[in-house]
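Here is the structure we will look at, set down as structure tokens.
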Amino acid sequence: MNSLEQKTKKQPQHKLSAAGLVITLGVVYGDIGTSPLYVMKSIINGNGGMDHVSYDFIVGSVSLIFWTITLLTTIKYVGIALRADNNGEGGIFALYTLVRRRARWLVIPAMIGGAALLADGMLTPAVTVTTAIEGLKGMKIANHIPIATQGHVILWTMVILTFLFFIQRFGTEIIGRAFGPIMLIWFTFIGVLGLSYISQDLSILRALNPYYAIKLLVSPENKLGLLILGSVFLATTGAEALYSDLGHVGRANIYGTWPYVKICLILNYFGQAVWIIQHAHTTAYNHVTDFNPFFEIMPQWLRLFGIAMATLAAIIASQALISGSFTLVSEAIKLKLLPRLHIVYPTNLKGQLYIPSVNLILWLACLAIVMFFRTSSAMEAAYGLAITVTMLMTTLLLYQYLRSKNAKPILAWLMVLFFGSIELIFFISSAAKFLHGGYVTAFIAFVILAIMFIWQYGDYIKNNKSYHTEDVSLLAYKNQLNDLKNDADYPLFTTNLVYMTRVKDKYRIKKDILYSILDKRPKRAEVYWFVTVNVTDEPYTASYTTEMFDTDYMVNVQLYLGFRMEQHVNVFLRQIIADMMKSGQLPRQPQRYTTIPDRKVGDFSFVLIQENLSPETQINGWEKVIIQLRLFLQKITITPTTWFGLEYADSLVEHVPLILGKPYFHKLHRLTRLDKIPKSDTDEENELEDEDQS
């Protein structure tokens with residue numbers, strides 16, 4: 001293997017370290033870390049307000065919260081799911097990658113779960129930031145009330161969200177370093193705040209007993225019954241994002257930070273519970289629907305600081321879902337579930353990436369959600385429904401992962417039945433939110449799922465019903481290419497003719513490539529190049545291999561470029577040719593007319609193949625719609641010219657027909673003098689013209 005003489009840097013590893021722990025707090029826990037902002041508020045409002053709660057109701061509620069976080073977040077995700085990583089990457093698509101060979105149908109739960117998580121990621125920034133800003137509504141700061149109405153809340157929320165999406169281009173490493181210390185202060189702050197109230201009533205610790213959680217579900221004091229779990233579930237919505245962010249920080253750093261995060265969260269929930277019990281029968285809170293117990297437990301002198309910290313934490317919560325969304329989309333592209341998109345790597349860490357188009361879509365969706373729902377209470381009604389679907393799909397895939405690791409069948413079944421039953425109950429309770437706003441996230445998830453289905457099923461149709469895109473051997477065409485190269489009857493098309501394609505088994509390529517060279521327009525060249533770009537896990541890999549098939553006019557180039565390397569294929573190819581000339585593998589290519597002194601490399605022409613659906617296609621109407629939509633998506637996303645860095649190279653996009661199914665070719669019948677010539681539209685038009693003239 002040869003080197004392209006690029007500067008190589010070692011990729012940092014996600015080892016356990018003090019800096020890594022702080023960055024993890026800033027990147028991973030924003031979503032689950034801000035759940036105390038709205039969970040208890042949602043539970044109380046759902047039960048009719050402060051005048052409809054009792055001691056047993058509150059104890060049962062926080063008991064439900066404690067065991068939900070313990071079972072789903074701690075045991076399922078931190079304990080089991082984090083071990084199911086694909087080269088350090090986490091998330092539902094990484095999990096699917098590990099098990100997809102077990103059954104083809106597993107792509108269905110992967111697509112459903114991924115679409116639901118991306119949809120939920122659009123709602124998380126809106127609900128968390130709005131909730132935090134609402135804490136400032138009506139508060140006097142320096143004898144002035146900066147946020148007096150809900151309109152002011154919406155305006156400031158949109159400004160903050162815009163700032164958040166703008167800074168994504170700088171990478172999660174920079175964001176993590178800035179946000180990590182803030183989240184450390186945040187978790188410490190909410191933990192100490194909760195502990196100060198727990199010390200006033202230690203009886204709240206009985207909520208650690210699951211008996212009180214089960215008792216509340218059947219208690220008449222619980223007006224919602226099983227549907228209360230729709231609000232309780234909000235306490236663990238960040239668990240799936242935690243798994244998706246595995247590639248950003250590493251498993252060791254999550255293991256090192258989660259115990260502290262969980263303790264602080266539970267302390268705050270229990271502290272809020274004590275405050276609610278103490279003020280349950282306070283007349284001032286009766287029938288009040290816009291107060292938040294999270295802010296009420298703060299002393300007046302501390303509230304402004306608490307709201308400021310909550311706002312910063314809400315921004316970081318949004319960051320966790322955004323960075324997780326980038327990872328999910330990147331995984332989906334690699335799995336061919338989504339079309340290619342432009343990906344930027346702001347740092348040397350492979351897991352940290354930025355996708356401009358996804359960032360733009362998330363930003364616009366968040367702003368639209370804020371303007372549509374207007375209040376955090378309305379958003380909470382839509383929140384959590386989609387993520388229950390993702391959790392169910394993750395459980396199905398985890399079962400397959402355990403079986404692939406030769407876990408005992410009984411243990412794998414117990415896992416899927418235990419967590420699946422819990423999540424199914426949460427899904428049913430959250431489904432009640434559908435008409436109250438859940439339809440918004442359901443619609444977004446459906447659109448994303450439809451795009452994945454079109455891309456995936458369209459690819460299946462192309463691969464299984466294509467009429468003439470089978471792979472052929474380059475070796476079978478050596479003589480024809482040699483004859484064309486030496487045929488002076490054809491003008492020289494270019495010195496080096498380059499096709500960007502994937503060469504399978506070292507010598508097999510798509511027939512379309514040879515059709516372009518020999519059939520569509522014979523393209524005479526000195527050397528025919530077939531180039532494949534392979535993206536490696538290291539940031540700055542720059543190497544290549546060549547195979548010439550015992551010729552000096554056919555070259556298979558395998559480029560190995562790190563994920564941070566710009567794919568300027570034309571620049572790399574010139575260096576490869578120079579290397580091969582120096583070693584005697586290729587003859588010199590002197591240029592008679594050139595502005596570059598001592599130029600020894602000839603000219604280049606890149607040919608990029610673009611498929612267009614042929615009218616001869618014979619597939620049913622539904623499949624034709626799918627393949628047309630897929631080709632449309634392929635057209636509006638990043639072009640191959642941009643993807644391979646050929647914007648300033650001499651490139652030709654050549655259209656080839658995509659014929660699907662077995663076409664029916666009509667055979668023409670040659671007329672003789674004795675045959676009657678059929679009457680045509682042209683004859684009728686001529687007759688009408690003659691009548692008009694007469």
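The values are calculated or read from the model by the stated rules, or taken from the named source; none is laboratory data. Predicted, not measured: the structure shown is a model, and the values here were computed from it. Here the Cβ positions follow ideal geometry from the backbone for every residue, glycine too, while neighbour counts run over all protein chains shown. Accessible surface areas use protein heavy atoms only, side chains included; no ligands, DNA or RNA. Shrake-Rupley method; radii C 1.70, N 1.55, O 1.52, S 1.80 Å.
With each run of n ≥ 4 DSSP H residues scored as -39500 (n - 2.57), what mean residue ellipticity at 222 nm is computed for the chain after dividing by its residue count and rounding to the nearest 500 deg cm²/dmol?
Dividing the helical sum by the residues of the chain leaves -16500 deg cm²/dmol.
Describe numerically, in nm with one decimal, the distance between label points set 7 Å from Cα along Cα→Cβ at Ile636 and at Val653.
1.5
Where does helix 251-278 land angle-wise versus the long Cα axis of the chain, in degrees 0 to 90, nearest 10?
Value to nearest ten degrees: 40.
Once you place label points 7 Å from the Cα toward the Cβ at Lys582 and Lys462, how far apart are they in nm?
In this crude label model, Lys582 to Lys462 measures out at 3.8 nm.
How much of Trp105 can a 1.4 Å solvent probe reach, expressed as accessible area in Å² and rounded to 10?
Solvent-accessible area, nearest 10 Å²: 130 Å².
In the neighborhood of Val153, defined by Cβ-to-Cβ distances under 10 Å, what is the net charge if each Lys or Arg adds +1 and each Asp or Glu adds -1?
+1
Are any of the pairs Lys520/Lys679; Lys405/Lys635; Lys523/Lys582 more than 32 Å apart by Cα-Cα distance, and if so, which?
Result: Lys520/Lys679; Lys405/Lys635 exceed 32 Å.
If you place +1 on the Cβ of every Lys and Arg, -1 on the Cβ of every Asp and Glu, and leave all else neutral, what size is the dipole of region 512-578 about its Cα centre, to the nearest 20 Debye?
My answer is approximately 340 debye.
Working from Cα positions, state the angle (0 to 90°, nearest 10) between the long axis of helix 107-134 and the longest principal axis of the chain.
Relative to the chain, helix 107-134 is tipped by roughly 50 degrees.
Local charge sum around Arg206 (other residues, Cβ-Cβ under 13 Å, Lys/Arg +1, Asp/Glu -1)?
-1
Could you work out how far helix 681-693 tilts from the main Cα principal axis of the chain, as a 0 to 90 degree angle to the nearest 10?
So the helix axis and the longest Cα principal axis differ by about 80 degrees.
With respect to the cross-link table entries Lys510/Lys662; Lys140/Lys433; Lys15/Lys41; Lys465/Lys667, which display a Cα-Cα separation exceeding 30 Å?
Beyond 30 Å between Cα atoms: Lys140/Lys433; Lys15/Lys41.
At a Förster distance of 25 Å, what's the computed FRET efficiency of Leu518 paired with Gln591, Cβ-Cβ distance as r, to 0.05?
0.40
Classify the chain as rounded, prolate or oblate, taking a ≥ b ≥ c as the square roots of the eigenvalues of its Cα gyration tensor: rounded when a/c is under 1.5, otherwise prolate if a/b is larger than b/c and oblate if not.
prolate
If r is the Cβ-Cβ distance from Leu16 to Lys405 and R0 is 30 Å, what FRET efficiency results, to the nearest 0.05?
With R0 = 30 Å, the Cβ-Cβ based efficiency is 0.80.
Using the Cα centre as the reference, give the magnitude of the dipole from point charges on the C-beta atoms of the chain (Lys, Arg: +1; Asp, Glu: -1; all else neutral), rounded to the nearest 20 debye.
2200
Pick out, from Leu328, Phe189, Met371, the residue whose Cα sits farthest towards the positive end of the charge dipole of the chain, with +1 on the Cβ of Lys and Arg and -1 on the Cβ of Asp and Glu.
Positive-most Cα among the choices belongs to Phe189.
Taking only C-alpha pairs under 8 Å that are 6+ residues apart, what is the relative contact order of the chain in percent?
That works out to 20 percent.
For region 86-127, what are Rg and Dmax over the alpha carbons, in angstrom?
12.2, 38
Run the accessible area of the chain with a 1.4 Å probe and give the carbon-and-sulfur part as a rounded percent.
Looking at the chain in its full context, I get 59 percent from C and S.
Any idea of the accessible area per residue across the chain, 1.4 Å probe, to the nearest Å²?
Here the per-residue accessible area is 46 Å².
Enumerate the calculated ³J(HN,Hα) couplings along region 319-335 in order (Karplus 6.51 cos²θ - 1.76 cosθ + 1.60, θ = phi - 60°), each rounded to whole Hz, writing x wherever the residue is Gly or Pro.
Going residue by residue, I get 4, 4, 6, 5, 4, x, 5, 4, 4, 4, 5, 4, 5, 5, 5, 5, 8 Hz, with x marking Gly and Pro.
Using a simple charge model, +1 on the beta-carbon of Lys and Arg, -1 on the beta-carbon of Asp and Glu, nothing else, what dipole does region 459-526 show about its Cα centre, in debye to the nearest 20?
240
Please give, to one decimal in nm, the separation of the simple spin-label points placed at Thr70 and Val344, each 7 Å out from Cα toward the Cβ.
About 4.6 nm, to one decimal.
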